Amino acid sequence: MFLTQVKNFPKTEWWRYAIGFLVIGFFYVLGQIPLFIAWLLKKGSFAALQNTPQRNLMGLLDNNTTLFFALLMFVFTLLGVFVALKIHSQTFKSLITSRTSISWKRVLFSFGILTLFILISTIVDFKLNPADYLWNFNWKLFSILLIIAVLLLPIQTSVEELVFRGYLMQGFAIISKTRWLPLVLTSLIFGAMHFSNPEIIQFGVYAKLFYIGTGLFLGVITLMDDGMELALGFHAANNLISALLVTAQYSVIQTDAILKQVSEPEVGVTILLPLLIVYPILLIVFAKKYKWSDWKQRLIGNL
């Protein structure tokens, strides 16, 4: 129903989705202008900014300021999503769920279970390998980080879900009349959107597989649950709790987190452990709790 409910709206032609995606992209680019202006003011001239290597741009401002502007662009992107929905005369709720209302209990359950896992795994690793971490806590900087993260990170993660597990997945489904193609395409595009992150250089193909696999996992729980509430909670917990707990040099954006990872990360199949262990466990938990059935039809059946 999450995919088929879009048929209830009259304006579902493929070209509307093409225009809608371009509109969302335009607002995303528009949202980058404040960060560009902040960089320009810092360097003093456009020429000086041009001569700054791309890898050094994120270090021009302090961590909290960079994070603020990096997340602000997703506020603009959210506006683009609303404009795209106007193109289809589609409701915002239908982009998120097939239920009569958004299930916040599902969002909170998914958020809570992943938060618990991140906290436990981080504490255990810190206890077992204390030399891999540096105590980085600064109350003044952390309090600012906490405010920015709580207010803006859920917007960033929600916007990504609205675009990939919502708008694009529904659009590809309407156009292709399938379920498996939207699942595959959105997973690949979601992964590709992260390929410019610094960790891709650090971890190579394993990081690419991780991002694509994460997109696939989020797509599966969205289709099986007939809504993206679980994906919304998962994504918010992953980015928010991670940003507050641990930062690392190879991360796309540095934060004034409690801990800083200083060890050289292992490059290999260990990066894929969440895909091989954590995600399957979560699938079992979600499937049992919400009584999922008919996996074949929901994931690869015709629309």
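The values are calculated or read from the model by the stated rules, or taken from the named source; none is laboratory data. Everything numeric in this text was worked out from a predicted model, so none of it was measured. Cβ atoms come from the backbone with ideal geometry, glycine included; neighbour counts cover every protein chain shown. What goes into the accessible areas is simple: the full protein's heavy atoms, side chains included, and nothing from ligands, DNA or RNA. Shrake-Rupley method; radii C 1.70, N 1.55, O 1.52, S 1.80 Å.
Each principal axis of the chain carries a Cα extent, and these read 51, 48, 33 Å when sorted largest first. Label positions at F137 and L303, each projected 7 Å from the Cα along the C-beta direction, are separated by 5.0 nm. Measuring nothing but how far apart in sequence close Cα pairs (under 8 Å, 6+ apart) lie, relative to its length, region 1-134 scores a relative contact order of 37 percent.
In this structure the amide hydrogen of L259, modeled in the peptide plane, comes within under 5 Å of the amide hydrogens of N136, V246, T247, none closer than 5 places in sequence on its chain. Each residue, A192 and E264, gets one label point 7 Å from its Cα in the Cβ direction; the gap between the two is 3.4 nm.
The slack between K177 and I253, meaning 0.36 nm per residue of separation minus the straight C-alpha distance, is 23.5 nm. The longest part of the chain holding none of the exposed loop chymotrypsin sites (Phe, Trp or Tyr not before Pro), meaning those outside H, G, I, E and B in DSSP with at most 14 other Cβ atoms within 10 Å, is 1-136. Tell me which aspartates and glutamates have Cα within less than 17 Å of K42's Cα, excluding those fewer than 8 residues away on the same chain? Excluding near neighbours in sequence, the set is D62. Within the chain, DSSP assigns beta bridges of which about 60% are antiparallel (rounded to the nearest 5).
Length, then width, then depth: along the principal axes, the Cα atoms of region 106-160 run 36, 28, 17 Å.
Report the Stokes-Einstein translational diffusion coefficient (µm² s⁻¹, integer) for region 11-150, Rh taken as the Kirkwood radius over Cα pairs, at 4 °C with viscosity 1.567 mPa s. Provide the component values of the computation, followed by the final result.
Numbers: Rh = 19.1 Å.
Translational D for this selection: 68 µm²/s.
In the chain, the longest principal axis of the Cα atoms and the axis of helix 14-30 are about 20 degrees apart.
Between the Cα long axis of helix 229-245 and the first principal axis of the chain there is an angle of about 0°, rounded to the nearest 10.
Relative to the dominant Cα principal axis of the chain, helix 33-43 is inclined by about 10°.
At 0.36 nm per residue, minus the direct Cα-Cα distance, what do V124 and V83 gain on full extension? Give it in nm, one decimal, please. Extra length available between V124 and V83 comes to 10.3 nm. Backbone amide hydrogens, once placed in the peptide plane, bring Y133 within less than 5 Å of V262, excluding anything fewer than 5 places away on its chain.
For the chain, what is the accessible area per residue in Å² when the probe is 1.4 Å?
Working: 15230 Å² over 303 residues.
Ligands and nucleic acids excluded, the figure is 50 Å² per residue.
Charging the Cβ of each Asp and Glu at -1 and of each Lys and Arg at +1, and nothing else, the dipole of region 80-183 about its Cα centre rounds to 500 debye. Of the residues L72, L188, ranked by 1.4 Å probe accessible area with the largest first, the sequence reads L188, L72. The alpha carbon centroids of region 81-130 and region 151-193 are separated by 14 Å.
If a/c stays under 1.5 just call it rounded; otherwise compare a/b with b/c (prolate if a/b is bigger, oblate if not). Do that for region 165-242, with a ≥ b ≥ c from the square roots of the Cα gyration tensor eigenvalues. Because a/c hits 1.5 or more and a/b fails to exceed b/c, region 165-242 counts as oblate.
A dipole drawn for region 94-165 from +1 and -1 charges on Cβ atoms has a positive end, and of T122, L151, T97 the residue lying farthest that way is T97.
Carbon and sulfur atoms: what percent of the 1.4 Å accessible area of the chain do they account for? Working shown, then result.
Values: 10550 of 15230 Å².
Taking all protein chains in place, the chain shows 69 percent carbon and sulfur surface.
What you get for the chain, charging only the Cβ of Lys and Arg (+1) and of Asp and Glu (-1), is a dipole of about 880 debye around the Cα centre.
Toward the positive end of the charge dipole of the chain, with +1 on the Cβ of Lys and Arg and -1 on the Cβ of Asp and Glu, the farthest Cα among A237, M1, S196 is that of M1.
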